[in-house]
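Read the figures in this text as sums done on the coordinates, not as results from a lab. The structure presented is a predicted model; accordingly, all values stated were derived computationally and were not measured. In this analysis, Cβ positions are derived from the backbone assuming ideal geometry, glycine residues included, and neighbour counts consider all displayed protein chains.
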Amino acid sequence: MAHLINGVCWTRGFRVQRSGLMSLYVYFTTLIAALGLAAESISAAHGKAREHSAAPEEPSITFNSVHLDGPYIAMTFDDGPSEKLTPKLLDLLAAHHIKATFFVIGENVTEHPEIVARAAQEGHEIGNHSWSHPNFGKMSDDGVRSQLQRTDDAIKNATGERPTLMRPPYGSITAHEKHWIHDEFGYRIILWDVDPYDWKRPGPAVVRSRILKETQPGSIVLSHDIHPGTIEAMPSTLDALEAKGFKFVTVSELIRMAVPKASRPSPQPGGNASTNAIPEVSPSPTPTPQASPAR
Ligand SMILES: [Zn+2]
């Protein structure tokens, strides 16, 4: 506070007088006290300004989905690896030539590092989903830091690379945590926009229909490779998504495809018909209607 008062009041407001009349020093020290409140509000205003200027960066730290042109989506699987289910899922993804993203639990990584290594080798992305799945929103910074660091290390040991993505368990994270985690670990915070609530085990048909109903271009689809019903739902879910024209990429690839909303060349018309949900693959920003390729 004292530093700010000096910075704001002395150097800007009273420099001329100070240099000319040293005897006024006493006057100014009294004035400083009087201006304390004003300086405080300046400080608050600065704080606000910083918050505001940081706000536009927020989307580059946290993602629920990605605004892009093209039929791209990211399938994400949390809480694994599971000894039995994750290899089955990896077989299925390989058969479809689909790249997905796995948000793994550190404890499970140390139990089955070979499964995480396989996923990474086969082109899937590995993200940090904490060590033991606690609620970050209710934890101390040190507790969160330890959860993330141990898992970061376990992933590095298993795959040779450190993750660049993090998903907080339950999606629970404070704004403060988002920022220091991003600063310290370099992570992007990945949430989701499609949630089939598969952890409630509603059955494969429901998991599939929920995913098919909600997924749109740029979607980040949440599910869990620790529930048998989810793995059971996946063959027909992936078939149906492919039939709708969707293409599958990792979350980091999806983020790299992001385009600013303002500069989107061809905004989609409103409506919820499934035909509208599938964009044409038209990477050129200049409209070339005749040359528009098929999905
Ligand atoms: Zn989870």
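Are any of the residues in the stretch 143-153 within 25 Å of residue 256 (Cα to Cα), away from the ligand (no atom under 14 Å from the Cβ) and either among the β-branched types (Val, Ile, Thr) or assigned to a strand (DSSP E or B) (or both)? Checked the stretch 143-153: no residue is within 25 Å of residue 256 (Cα to Cα), away from the ligand (no atom under 14 Å from the Cβ) and either among the β-branched types (Val, Ile, Thr) or assigned to a strand (DSSP E or B) (or both). Give me the residue from the stretch 154-168 that is surrounded by fewer than 15 Cβ atoms within 10 Å (Cβ to Cβ) and in a helix (DSSP H, G or I) and, out of that set, farthest from the chain's Cα centre (by Cα). Result: 157.
Just so you know, in the stretch 65-86 the residues that are of a type in the set (Asp, Glu) and within 15 Å of the ligand (Cβ to nearest atom) include one that is surrounded by the most Cβ atoms within 10 Å (Cβ to Cβ), and it is 78.
Condition first: in a loop (DSSP other than H, G, I, E, B), in contact (Cβ under 8 Å) with a residue 24 or more places away in the chain and at positive phi. Can you find one or more residues in the stretch 207-226 that meet it? There is at least one residue in the stretch 207-226 that is in a loop (DSSP other than H, G, I, E, B), in contact (Cβ under 8 Å) with a residue 24 or more places away in the chain and at positive phi. Of the residues making up the stretch 166-173, not a single one is away from the ligand (no atom under 16 Å from the Cβ) and in contact with a Gly (Cβ under 7 Å, 6 or more places away or on another chain).
Here is the figure for the stretch 98-142: residues that are within 16 Å of the ligand (Cβ to nearest atom), part of a loop (DSSP other than H, G, I, E, B) and of a type in the set (Lys, Arg) total 0.
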